[in-house]
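Scroll down for the structure; my scribbles are underneath it.
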């Protein structure tokens, strides 16, 4: 019975360790301590109640979900600052507090959307600028600088320094990015089927909260692999005189041109001769079956001035 209720309520019994939970707890406590101290120094005790709610919400994202898209620096910085600007403007321009508050939150959401910095606590910052009372209204646009900007900088500084202390946590997210493996080693792996148990294991090894459900992750994987299979070059698309790329990066990138063919209904005898015109092993040549070449190639390319341009799969390449 409880399991059924938990399923409907989307209660996540994930594999996040106790260590990770304690680290999140400590980080959130530390950053709010710093924010309160700085806010009290700039606005006095009464001003503390004004901004702490939205910063507390940001602390949850920064320390409980540091790898989440909504927790990244531009989202935090832009989300709060832009929302504060919108909120102050609405408070000044619109006499009716109810309308001003409603528009402040709505316009802040729209602005964050267009500026690619969605950060949910920003909505609370916009709202605080309108309903914060006389202290906030007296500040005017100074509210954007003190306390909002000051608090945001403290939040980001503490988040970067604190999360860096723990090897499995990296903030901003790009600090934890790993170089892509060579293209030649990825295709066979991508063709394997990922099962639910594999996904659960991978999530447990990451030991962090990922704001995407297992179902959504599996769906993303299925859509991505489906896209790969759709764009997979077919042997019949390999034509004499055309150029093809393996789609790799760095030193493994390569462009080959088909210089000759030996057509045959037997796939083992249907061969092509290619030469390397750019990238790895320049000016070399070899012979492969058409099927082997199609397996190597990711897509067809054409020469565009000094660059190689991918040919649109939906358009004839001529």
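Bear in mind that the values in this text are calculations on the coordinates, not laboratory data. It should be emphasised that the depicted structure is a prediction, and the values quoted were computed from it without experimental measurement. No Cβ is skipped: glycine too gets one built from the backbone with ideal geometry, and neighbour counts run over all protein chains shown.
In terms of overall dimensions, the C-alpha atoms belonging to the range 30-144 reach 40, 34, 19 Å along their principal axes, ordered largest to smallest. All distinct Cα pairs of the range 235-310 go into the 1/r average, and the inverse of that average, the Kirkwood radius, is 12.5 Å. Ranked for footprinting exposure by Cβ neighbours inside 10 Å, fewest first, 275, 309 give 309, 275.
If neighbour count is taken as other Cβ atoms inside 10 Å, put 300, 292, 97 in order from fewest to most.
Details: 300 18, 292 15, 97 12.
In increasing order of surrounding Cβ atoms, one gets 97, 292, 300.
Exposure proxy shown here: for 55, 287, the number of other Cβ atoms within 10 Å sets the order, fewest to most, as 287, 55. Relative to the current alpha-carbon distance between residue 149 and residue 287, full extension at 0.36 nm per residue lengthens the span by 43.4 nm.
Taking 0.36 nm per residue of sequence separation and removing the Cα-Cα distance, the residue 29/residue 302 pair yields an extension gain of 92.6 nm.
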